[in-house]
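Asker: Can you keep this structure in mind? I'll have questions shortly.
The values are calculated or read from the model by the stated rules, or taken from the named source; none is laboratory data. Keep in mind the model is a prediction, meaning the values are calculated, not measured. Methodologically, a virtual Cβ is constructed for each residue, glycine included, from the backbone with ideal geometry; neighbour enumeration extends over all protein chains shown.
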Amino acid sequence: MVKHVPNSLIREIIRAAGGHDADLKDLAARHAPADIVRVLLDEITTRCPAPVNDVPVLVELAVRAGDQLFPTYLYVLKGGPVRLATKDEAFIAMRVEYELGELARELFGPVRENVTGVRRTTLFPYVADAQSEGGEGSGAEHIGTHFLAAQQGSQTVLAGCHSHKPDLSELSSRYLTPKWGSLHWFTPHYDRHFSSYRDQQVRVLEIGIGGYKHPEWGGGSLRMWKHFFHRGEIYGLDIVDKSHFDAPRITTLRGDQGDPDYLRSIAEEYGPFDIVIDDGSHINDHIRTSFRALFPHVRPGGLYVIEDLWTAYWSGFGGNKDPKQDSGTSLGLLKSLVDSIQHEELPEAGGHRPGYVDQHVVGMHMYHNLAFIEKGTNAEGGIPPWIPRDFETLVAVSSGGHE
Ligand SMILES: C[S@@+](CC[C@H](N)C(=O)[O-])C[C@H]1O[C@@H](n2cnc3c(N)ncnc32)[C@H](O)[C@@H]1O
């Protein structure tokens, strides 16, 4: 069984990477550098894009912590993920050396655009082995093939060593999520609403890991969020055991989104969350229950997102094809939030008593099959009682009695 690094250590590394040099020194003094290096290497292998080189190469990645050096070898070949390897599995194309704190900043600090001079690199010449010498494809052509592979392999590893910003449509394709490109076109909306959280140390909970009954299927969106929120902790909830996807910065939870007590218990243990995304059963009653249970556990300034609103019209999901019969549907809930946002303007005589949702929903964005609900303090104050409530009087008062 794979032993995962505790989230507490990752959290400390992320915090220090966003701080001053003293924070990084302090981190290195409190933890064994080998443990920190392990976290960084794991992050790099998950961030590397799919290799494109046809000839296998190794990239030596050396991390220096004071006078200690931690060399590792990453195997890169088209058709498989970048993985740790031993020194003799292929020819070493490049040596890349980072100072520990610098690599931590590159991976987990706020994104630094256009930085240079953060690493040492050495490109090794390819030395043809005795077998290939004189044979077909030897000489310049052979060296050229290996040079191309060396270049492609090194670029793959270097692309995993920092927090560049691919957009969510690209990440969705890379991690094979259904959020863009077939049934759904959600990722541009996510980019728009999530961009300001991207550099933050966020906690994100997504209901619905994917793959339904198959424990090892799905997981694409958790990996996508992990890559996108490069300083974040990602929690995934599914009714099926999906612990196969547990990884550094990804924690899977097993439970029913229709059970409010369970939802509250996980929120108390792992929350509050900056973002909650409901992409679970899409059963209308579940969507409403989950919102009521989890919205109080979203941080002020956070977002609650609901996907696949089409089920609001489908009786097989507890929806109703008549949009006016929406009292039990997801869209009925969302329409009621329009009044919640405006609750301070409701006439007092109506006897309305604001509830938690009224007091904390501050905005909402509706798209085709997707809604974003913004959390905050909804208390700007209603229009004061002395402002006339009918148009003619308002005009008269505002005109100061002038005809
Ligand atoms: C649409 S998939 C999620 C896809 C994933 N978010 C993605 O974008 O790649 C829905 C998942 O919700 C899970 N699910 C179904 N009913 C659930 C429930 N009552 N509570 C929690 N998860 C549930 C299913 O097992 C399935 O894996």
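Asker: Is there a residue being of a type in the set (Ser, Thr, Tyr) and loosely packed, with under 14 Cβ neighbours inside 10 Å anywhere in the range 347-361?
Answerer: yes
Asker: Shifting gears a bit: Just one of the numbered conditions (1) modelled with pLDDT of 95 or more; (2) polar (S, T, N, Q); (3) over 26 Å from residue 82 (Cβ atoms) is not true of residue 252; which one?
Answerer: (3)
Asker: Given the options 256, 285, 279, name the one that is surrounded by fewer than 20 Cβ atoms within 10 Å (Cβ to Cβ) and within 9 Å of the ligand (Cβ to nearest atom).
Answerer: Just a single option satisfies the conditions, and that option is 256.
Asker: Sort out which residues of the range 362-403 are hydrophobic (A, V, I, L, M, F, W, C), part of a loop (DSSP other than H, G, I, E, B) and surrounded by 12 or more Cβ atoms within 10 Å (Cβ to Cβ), and write them in order of number.
Answerer: If the condition is that a residue be hydrophobic (A, V, I, L, M, F, W, C), part of a loop (DSSP other than H, G, I, E, B) and surrounded by 12 or more Cβ atoms within 10 Å (Cβ to Cβ), then 379 is the only one that fits.
Asker: Output the number of the condition that residue 301 fails; it satisfies all remaining conditions of (1) within 23 Å of the chain's Cα centre (by Cα); (2) buried (at least 18 other Cβ atoms within 10 Å of the Cβ).
Answerer: Every condition holds for residue 301 apart from (2).
Asker: Further, regarding this structure: Kindly indicate whether residue 290 is away from the ligand (no atom under 16 Å from the Cβ), at pLDDT 95 or above and in the same structural domain as residue 353 (by TED's automatic domain parsing).
Answerer: In short, no.
Asker: May I pose another question? Can you name every residue in the range 278-316 that is closer than 16 Å to residue 238 by Cα, outside any helix (DSSP H, G or I) and hydrophobic (A, V, I, L, M, F, W, C)?
Answerer: Within the range 278-316, 283, 306 meet the criteria.
Asker: Considering each residue of the range 138-160, count those that are surrounded by 15 or more Cβ atoms within 10 Å (Cβ to Cβ) and not in a helix (DSSP H, G or I), and give that number.
Answerer: Final tally of qualifying residues: 1.
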